[in-house]
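See structure below.
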Amino acid sequence: METPVAPEPDPRPEKQPRLSEELAGLQARFAEQSVTLGEVVQVLHGRAYLLLVLLLALPFCAPISVPGLSTPLGFVIALIALRQALGQKPWLPERMLRMRLPPGFFRRVLVVAERVIRFLETFLRPRATGFVDAPVLRNLHAVMMLMAAGFLLLPLPIPLTNTVPAWVILLIAAGLLERDGVFIALGYAVAVASVVGLALLGGAAHQLLDMVRRWLTG
């Protein structure tokens, strides 16, 4: 009698849950309580730090009141992106992992996150993966997120100085999580458009000031 041959194990990696599914798990666990960054990282497991970056950028993409939080949250994003840019494993010091977010803040973030992510998921899918998987390019994408986080660190009294870099971070982080090179390219496009817009705005302001000066001096 022929001995049955055991089937070979499936070499494909286990399918990752969708972003909205992971956020739903967070909402079920943390929606009604104060939460530390360490607790969030512990629940999210493998994709914890990229998802944390995405969640911390979301308040600045949508109308959520976050007075005084752009600098500390921007610093957390910057530190995670810096280590990824250097090709190192994402990490946060214990002091930051113990940082407790304000009561109710995480609940509001998750409510907005669910809406935004479910909308983005209608477009997110693995494509142009060569722009995602190459280690050198992943480091470059982390550099772009690091630069955008730098703007969050600066409390500039200029409209959209938090919103635009937050969308850059959101698009790149979502693209990396779902291996969507098109979303990452959109993040770069938003960054370039914002730089061009600021340059044009600066030039217009300079011309206006020059006209006022000439008018006042006759």
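Some observations on this one:
- Extension gain, Val143 to Arg118, is 6.3 nm, computed as 0.36 nm per intervening residue step minus the present C-alpha separation.
- Glu39 sits among other residues whose Cβ lies under 11 Å from its own Cβ, and their net charge, with Lys and Arg +1 and Asp and Glu -1, is +3.
- Probe 1.4 Å - accessible area at Trp91, Å² to nearest ten: 120 Å²
The values are calculated or read from the model by the stated rules, or taken from the named source; none is laboratory data. Only a predicted model underlies this, so the values are computations on that prediction, with no experimental measurement involved. Don't worry about glycine lacking a Cβ; one is built from the backbone with ideal geometry, like all the others, and counts go over all protein chains shown. Please note that ligands, DNA and RNA were not included when accessible areas were found on the heavy atoms of the full protein model with its side chains. Shrake-Rupley method; radii C 1.70, N 1.55, O 1.52, S 1.80 Å.
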